[in-house]
Amino acid sequence: MNTLAAYKKHLQEIGKLRSAISLLHWDQRTYLPPKGHAARALVLGKLAKMAFELLVSDQLGHYLEELETQNDLSLEEQASIRVVGKAYRRQKSIPPDIYERFTIAQSRSESVWEQAKKTSDFELFQPHLQKMVDFSRQFAELYGYEDNLYDALLEEYEPGMTTNQLRLVIEPLRKKLVPFLKQLREEGTQPHTEVLEGTFPIDQQRKLSSHVLKAMGYDFSAGRLDTTIHPFTISTGPRDTRVTTRFINNNLFSGIFSTMHEGGHALYQQGIPQKLHWSGLDGGASSGIHESQSRMWENMVGKQLPFLRFFQPILASVFPEFARARPEILYDAVNTVTPSLIRVEADEVTYNLHIMLRFELEEQLINGRINVGDLPELWQDAMKRYLGVVPKDDAHGVLQDVHWSAGMFGYFPSYMLGNLCSAQIFAKVKEEIPDLDEKIANGKSIVLLSWLRKQVHRFGKMYEPQDLLQRVTGERLNPSYFTQYITDKYSQIYKL
């Protein structure tokens, strides 16, 4: 067997283990009975260690060393060697036994977080969160960094991004969003939301979400829809990308938009071609680029008038009380701006402020400038400063997101970057498909999916995020597309 073939076989072995790990994670957060969590943590730890040992093995290092000197490889093969080589060198610094202990602690942390969130008991979760912070600091030191310990963690989710670069994006964005939010609340005309009120059976909501996913182009023969406490999308292997969502019986559109958001992630994964499977390239260019797809479908499709014109008859077929609800009324109602406690329920204007808050706290936490035990109070203070609202308890505050329980420090900025990228990419879509609104209103959103498949999805991880954005839109990250989109849309809705 030649080196390239042996390299590909090695990656496939890693992929098989990761597939099993993903399936167990999906089960853990959907159907695993409470008493099964302790044993599941040990199983995940064992499998994760096995996959990790394959990734950092000397054999893979030899393959990479030899292949990096070859000049007769395809673009996909060159990209695979670059991406896998970077991951190899990064993870090689972590001893496998430490990684196994981390995975076991991570699994336990996530299950305890679920309990703590249900009971709003931060003290129950605190020792597990402390372990996640300690592991993350240890990993960051081992990975290495130049200016900021947090940069070493940020690199995992946003290759090439640094804390200083983030601040250069955040400060101007905050200076635009905060005054605009104030203007909307003081000078704008608040939309009526009575049309959204009611109680909506969960089974019917699930039926409606299935309609929405099908309309978006989601392939149910290569995935499924389930419910969980904190929605996520996960690929458990080639041609198996699963969506989870959350339904609230008195908030119908929460479930719809959650489903569209996760569906956007799933469409990205389902659009990655077979030739990239098991290659190290079968994922998004970055968490931010992945998030751009979910935020695009949720906000720039789902919360727009063309989609609501298409969707209203479907909505009325499941919930007859919406039979006389004009799409224009629905549009204004679902786009109401109200500073809220919960990130996943936040409107488009305030959403990025939630991310800025989390970035501020976790960057200080990783660098040791604040302590885990101080987080609930610091969270309350930050919510007041950023959004002018204060959580009534920790379940609606510091415990609301799953990410820290999994040790995913450095991930939150991707949500903001995803928002910014989505506006930039969508502007390009509208430029190249001038009648997109008309097509979406007529139930032909497949034209958007086809465009994304050609311009974004088919490349997987072949390109670094900024290089992909340059390729797709003609320029690197430009936040002005987002601020223009927000001010135009909400100035019209609020009659400024």
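Nothing in this text is a laboratory measurement; each read-out follows from the coordinates by a stated rule. Quick caveat, the model's predicted, so the values are computed rather than measured. Every residue, glycine among them, receives a Cβ derived from its backbone with ideal geometry; neighbour counts consider all protein chains shown.
Could you state the angle between the C-alpha long axis of helix 122-143 and the longest principal axis of the C-alpha atoms of the chain, as a value from 0 to 90 degrees rounded to the nearest 10? On a 0 to 90 degree scale, this one is about 50. For the peptides 167-180, 150-163, 254-267, the ranking by packing is 254-267, 150-163, 167-180, with the highest mean count of neighbouring Cβ atoms within 10 Å listed first.
For the pair Glu141 and His62 in one chain, pulling the backbone fully straight at 0.36 nm per residue adds 25.9 nm over the alpha carbon distance. Once the Cβ-Cβ distance of Gln78 and Glu475 is raised to the sixth power relative to R0 = 35 Å, the FRET efficiency obtained is 0.90.
Between Arg369 and Ile342, residue separation times 0.36 nm minus the direct Cα-Cα distance comes to 7.2 nm. 3J(HN,Hα) couplings calculated from phi for segment 305-315 with the Karplus curve 6.51 cos²θ - 1.76 cosθ + 1.60 (θ = phi - 60°) are, in sequence order, 4, x, 5, 5, 5, 5, 7, 4, x, 5, 4 Hz; Gly and Pro show x. To the nearest ten degrees, helix 252-270 and the longest principal axis of the Cα atoms of the chain are 40 degrees apart. Each peptide in 123-135, 22-34 receives the mean, over its residues, of other Cβ atoms within 10 Å, and ordering these scores from highest gives 123-135, 22-34.
Scanning residues 5 or more positions from Ile248 or on other chains, those with amide H under 5 Å from its amide H are Gly255, with H placed 1.01 Å from N in the peptide plane. Antiparallel as a % of all DSSP beta bridges within the chain, to the nearest 5? Here the antiparallel bridges make up roughly 60 percent for the chain. With the convex hull of the Cα atoms taken as the outline of the chain, the averaged projected area works out to 22.6 nm². Amide H contacts under 5 Å for Thr227: Thr245, restricted to partners 5 or more places along the chain or on a different chain, H placed in the peptide plane at 1.01 Å from N. Highest mean first, the peptides 486-494, 89-97 sorted by other C-beta atoms within 10 Å per residue fall in the order 486-494, 89-97.
Full extension of the chain between Thr189 and Lys439 gives 87.0 nm of extra length, using 0.36 nm per residue less the Cα-Cα distance. Rg and Dmax, both from the Cα atoms of segment 350-400 and both in Å, are 10.4, 28. Treating cross-link reach as a plain straight distance, find the lysines whose alpha-carbon is under 22 Å from the alpha-carbon of Lys8, omitting any fewer than eight places away in the same chain. Cα-Cα hits under 22 Å: Lys16, Lys49, Lys86, Lys92, Lys275, Lys461.
Against the longest alpha carbon principal axis of the chain, how many degrees, from 0 to 90 and to the nearest 10, is the axis of helix 446-455 turned? Relative to the chain, helix 446-455 is tipped by roughly 30 degrees.
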